[in-house]
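Before any comments, here is the structure.
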Amino acid sequence: MQFKIGSVAVKNLLVLAPMYRISDLAFRILCRESGAGLCFSEMVNSEALIRNNKSNWLLTKTIPEDTPLGMQLFGARVESMRKAASLLIEKNRFEILDLNLGCPSHGILNQGAGAALLKRPQRISEILESWRDLGKPVTAKIRVSPNMLHTIKLAKTIEKSGASALIVHGRTIEQAHKGKTDFVAIKRIKKSLGIPVIGNGGVKDRESLELMLDKTKCDAVMVGTAAIGNPGIFSELLGKKPVAREKALFQYLALCKEFGVPRFGRIKTQSLAFLKHGKHTELKQKISSAKNLAELEAMLNKGLLN
Ligand SMILES: Cc1cc2nc3c(=O)[nH]c(=O)nc-3n(C[C@H](O)[C@H](O)[C@H](O)COP(=O)(O)O)c2cc1C
């Protein structure tokens, strides 16, 4: 089943979540091959883009096959968010511009960005309004709060400020990425808006996918944690056989080599995640000590292919 975000058609209801240090270009390509209809980049710092910080610009790298792509920005200052979005559009191809309103990490909250903005609907509105004439459909990703009326009011403000879809992570700031997803809140937000709502929180298999769709009536579903080290999750959700995680790991490394990933440390973390469920205890310990990609590949070749 298709859905649309503004003028952007998405081939199915499965969306890869923006995830810091996870949703890089190589990983997104694997998720798309597995069946994700839409992928988001990890959050990118608006101020760092304006400063022309090289590693932050590397996070925005994409290729023609990486489509449709939502690029997520975080920041608190309207002028910076407008400037960073304009620069991104000037330099990169992508389809959807997304505003991070859910990050609960202290570093982001201290900047007044991410979930800190949930308390400032006026500022959210100003940022979204500043993106209106940039020619891209805009989305925002929020969390629910214990005050349902506040959350619904905020969702309506976001719609009125020009958003073409809203992503609702059905957990509070205090819950971070764990615990029960508030289906009632997502359902009420969906009922209150005219734009598509993407439900997020706890989808890890076909059963939880059906539950999210059934309980909330949301238009699409975003998958986060369940995709870490397991891009095949999208095949599983579509009722297809996924590529084995070990094979997917080699594919991931090959794509990293092709595209370049900001830091080797990330590749190591991702590699460990791919092996999370296997019985590779010794190999995982070894991987932790790898100093570069060649060393890592040699260890994996020896540990997995022999
Ligand atoms: C490692 C990690 C990194 C994340 N980074 C981001 C991010 O950059 N931007 C964002 O909006 N949410 C981020 N999130 C939240 C996810 O997008 C998602 O909302 C959350 O994990 C709930 O979905 P899930 O239950 O399917 O994991 C992150 C979550 C995890 C686990």
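Choose one answer from T181, T216, T269: the residue with the largest mean-square fluctuation in a GNM of the chain with alpha-carbon springs under 10 Å.
T269
Choose one answer from Q285, Q111, Q72: the residue with the largest mean-square fluctuation in a GNM of the chain with alpha-carbon springs under 10 Å.
Q285
Between region 116-143 and region 7-57, how many Å separate their Cα centres?
Here the answer is 18 Å between Cα centres.
Using a Cα-Cα cut-off of under 28 Å, which lysines could be cross-linked to K160, ignoring same-chain neighbours fewer than 8 residues away?
Partners within reach: K4, K11, K83, K119, K136, K141, K187, K190, K191, K215, K217.
Specify which residue in the list N230, L249, G265 is farthest towards the positive end of the charge dipole of region 202-271, using unit charges on the beta carbon of Lys, Arg (+1) and Asp, Glu (-1), about the Cα centre.
G265
About the Cα centre, and with charges only on the beta carbon of Lys, Arg (+1) and Asp, Glu (-1), how big is the dipole of the chain? Nearest 20 debye, please.
Taking the Cα centre of the chain as origin, the dipole is about 460 debye.
For a quick check, take a GNM of the chain with Cα springs below 10 Å and name the residue from G201, G114, G278 with the largest mean-square fluctuation.
Taking springs between Cα atoms under 10 Å, the residue moving most is G278.
For the chain, what relative contact order do you get, as a whole percent, if you take Cα pairs closer than 8 Å and at least 6 residues apart?
Taking the mean separation of contacting Cα pairs over the length of the chain, I get 15 percent.
Could you tell me how many degrees, from 0 to 90 and to the nearest 10, lie between the Cα long axis of helix 245-259 and the main elongation axis, the longest principal axis, of the Cα atoms of the chain?
80
Compute the angle between helix 25-34 and the longest alpha-carbon principal axis of the chain, please, reported from 0 to 90 degrees and rounded to the nearest 10.
Tilt relative to the chain: about 90 degrees.
Counting only GluC sites (Glu not before Pro) that are in a DSSP loop and have at most 13 other C-beta atoms within 10 Å, tell me the longest site-free stretch of the chain.
Longest site-free region, per DSSP loop and neighbour criteria: 175-306.
DSSP beta bridges in the chain, what fraction antiparallel, as a percent rounded to 5?
Values: 3 of 33 bridges.
Bridges in the chain are about 10 percent antiparallel.
Using a Förster radius of 30 Å, what is the FRET efficiency between L149 and R206 based on their Cβ-Cβ separation? Nearest 0.05, please.
Given R0 = 30 Å and the Cβ-Cβ separation, E is 0.35.
Considering the convex hull of the alpha carbon atoms of region 203-306, report its projected area averaged over all viewing directions, in nm², one decimal.
Mean orientational projected area (region 203-306, Cα hull): 7.7 nm².
Summing Lys, Arg as +1 and Asp, Glu as -1, what charge do residues with Cβ under 12 Å from the Cβ of F94 carry, F94 excluded?
Charge balance near F94 sits at +1.
Tell me the net charge near P104. Cut-off is 10 Å between Cβ atoms, P104 excluded, with +1 for each Lys or Arg and -1 for each Asp or Glu. Don't skip to the answer; put the middle values down first.
Numbers: positive: R143, R171; negative: E174.
After counting each charged neighbour, the total is +1.
At a probe radius of 1.4 Å, what is the per-residue accessible area of K136, in Å² to the nearest 10?
Rounded to the nearest 10, that gives 50 Å².
Averaged over every viewing direction, what's the projected area of the C-alpha convex hull for the chain? Give it in nm², one decimal, please.
With the hull built on Cα positions only, its mean projection is 15.1 nm².
Counting only protein chains, not ligands or nucleic acids, how are M1, M299, M71 ordered by accessible area (probe 1.4 Å), most first?
M1, M299, M71
Could you give the dipole magnitude of region 245-305 about its Cα centre, charging the beta-carbon of Lys and Arg +1 and that of Asp and Glu -1, in debye to the nearest 20?
Roughly 180 debye for region 245-305.
Can you find, among A155, G35, L13, the residue sitting farthest towards the positive end of the charge dipole of region 3-237, where Lys and Arg contribute +1 and Asp and Glu -1 at Cβ?
A155
What is the helix-to-structure angle for 183-192, meaning the angle in degrees between its Cα long axis and the longest Cα principal axis of the chain, kept from 0 to 90 and rounded to the nearest 10?
Rounded to the nearest ten degrees, it is 50.
Can you give me the long-range amide H partners of Y20? Hydrogens built in the peptide plane at 1.01 Å from N, cutoff under 5 Å, separation of 5 or more residues or another chain.
Excluding prolines and chain starts, which carry no amide H, the hits are M43.
Only helical DSSP H runs with n ≥ 4 go in: add -39500 (n - 2.57) per run for the chain, normalise by residue count and round the 222 nm mean residue ellipticity to 500 deg cm²/dmol. Write out the running numbers ahead of the final one.
On the way: 14 runs with 131 residues, N = 306.
After summing the helix terms and dividing by the residues of the chain, the value is -12500 deg cm²/dmol.
The values are calculated or read from the model by the stated rules, or taken from the named source; none is laboratory data. Every value quoted in this text rests on a predicted model; they were computed, and no experiment measured them. With ideal geometry, Cβ positions are generated from the backbone for all residues, glycine too; neighbour counts draw on all protein chains shown. The protein model used for the area step is the full one, side chains on, heavy atoms only, and it has no ligands, DNA or RNA in it. Shrake-Rupley method; radii C 1.70, N 1.55, O 1.52, S 1.80 Å.
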